[in-house]
Structures are given as C-alpha cells and as structure tokens.
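Read through the structure below, which is laid out as structure tokens, and then see the notes.
The values are calculated or read from the model by the stated rules, or taken from the named source; none is laboratory data. None of the values given here were measured: they were computed from a predicted structure. Backbone-built Cβ (ideal geometry, glycine too); neighbour counts: all protein chains shown.
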Amino acid sequence: MAKQYLFLILTISCLFSLELTAASPVRASNKAISFIESSCKTTTYPALCVQSLSVYANNIQTSPKRLAETALAVTLSRAQSTKLFVSRITRMKGLKKREIEAIHDCVEEINDTIDRLTKSVQELKLCGSAKGQEQFAYHMSNAQTWTSAALTDENTCSDGFSGRVMDGRIKNSVRARIVNVGHETSNALSLINAFAKTY
C-alpha cells in the first residue's frame with residue numbers, strides 16, 4: 001500500500017511540474033515572446049511555430065541560435081514520440097497486410113528522421129564553437145542538409161499510406177502524427193536558415 005501511495009505522489013508531482021513548465025510563457029518577457037512571434041512569421045507554419053516554442057521563451061530570449069536549436073530539439077522529441085506511437089500500432093489486431101507493410105516502412109523512415117535530426121543538432125552545436133566564417137558555414141551547411149533530408153523521410157512515410165485502400169483509422173492516426181513532425185521540421189529548417197544569415 002505504501003508503494004502505491006508513493007507512486008501516486010510521484011505521479012502528481014510530475015504532472016504538477018509539467019504544468020509549471022507549460023505555464024512558463026506567462027512569466028516570460030514580452031521581448032522574448034515578441035522575438036519568437038516575429039521569427040516564426042518567416043516559417044511555413046507560424047502558428048505551430050509560436051505554439052511549440054513560446055514555452056521555451058525564457059531560454060530562447062532573443063537569440064537566433066537558441067531559437068534554431070530549440071526548434072530542432074522540439075522536432076527531434078516529436079519524432080521520437082511519433083516513432084513510439086507508430087511502433088505500438090504494429091501490436092494491434094486485425095491490421096491489413098498493406099497497413100502492416102506501410103507501418104514497418106514508416107518506422108524505418110522515422111528512424112532515419114531521428115538519426116538525421118540528431119546529426120543536425122550536433123552540427124548546430126558545432127556552429128556555436130566555430131572558429132571563423134568557413135568553419136561556421138561548413139557546420140551550418142551540414143545542419144541544413146540533415147534537416148532537409150529528415151523532411152524527405154517524413155514525406156516518404158506519409159506517402160506509404162496514400163490511396164483509398166489505406167483509408168481508415170490507422171492511416172488517419174499515423175498521417176496526423178507524421179504531418180505534424182513534418183511541419184515542425186519545416187519550421188526548424190526555416191529558423192536554421194534564418195540563424196545562418198546572422199553570422
């Protein structure tokens with residue numbers, strides 16, 4: 001019984017801390033929020049951009065570098081949770097053969113996405129310690145290439161569920177997640193490109 005109470009207390013504590021984290025934009029400076037809103041206007045999906053990044057306004061402040069890094073980190077986290085979600089679908093009963101094949105292919109594509117976004121995160125960090133324009137440009141180019149490649153993977157996964165034969169709950173659930181990751185990746189790429197111009 002004591003263990004159950006301890007588990008309940010820990011769960012409530014986690015939920016409470018998550019609420020505090022999510023509420024942080026209220027305490028963030030107007031300058032930081034304005035910077036994020038202004039920067040997000042250059043992205044393909046500005047509303048999603050503001051929604052995803054304003055939570056981290058206190059950390060981002062008015063730094064294009066931190067904005068790009070945060071956008072990429074958020075995208076990577078979203079890709080990882082999407083992989084977990086899609087992987088769990090394979091355990092469902094009553095799946096069509098075509099659905100199973102599409103799901104397995106999609107998991108592979110998401111793995112590639114995660115790998116490429118991870119490499120992009122590393123390259124972006126190296127931009128911060130770059131010595132000179134040439135070194136900065138090299139790491140920045142790598143970050144842009146990996147992020148762009150990740151976007152291609154996401155589109156390939158989504159394409160696997162095209163056609164009427166795939167219509168239904170599985171297709172809708174998977175595509176909704178993949179589309180969201182694709183939008184986040186596209187926004188991250190825009191913010192990385194914007195950061196590249198500041199050097």
Legend entry - Number of positions in the stretch 56-77 that are buried (at least 21 other Cβ atoms within 10 Å of the Cβ) and not hydroxyl-bearing (Ser, Thr, Tyr): 8
Inset, instruction - Starting from the stretch 133-146, keep only residues that are under 21 Å from residue 114 (Cβ atoms), then list their pairs with residues that are modelled with pLDDT of 95 or more and β-branched (Val, Ile, Thr) whose Cβ atoms are within a distance under 7 Å, requiring at least 6 positions of separation or different chains. - result: 143/192; 144/192
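Quick one: is residue 184 closer than 20 Å to residue 81 by Cβ, at pLDDT 95 or above and not polar (S, T, N, Q)? Even if it seems obvious, please write down each step before you answer.
Working: closer than 20 Å to residue 81 by Cβ: yes; at pLDDT 95 or above: yes; not polar (S, T, N, Q): yes.
Criteria met by residue 184.
Yes/no per residue for (1) over 18 Å from residue 158 (Cα atoms); (2) modelled with pLDDT of 90 or more; (3) among the β-branched types (Val, Ile, Thr):
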| residue | (1), (2), (3) |
| --- | --- |
| 41 | yes, yes, no |
| 50 | yes, yes, yes |
| 57 | yes, yes, no |
| 60 | yes, yes, yes |
| 64 | yes, yes, no |
| 68 | yes, yes, no |
| 92 | yes, no, no |
Legend entry - the stretch 133-170: number of residues that are touching a Ser or Thr at 6+ places or on another chain (Cβ under 9 Å) and at pLDDT below 75: 0
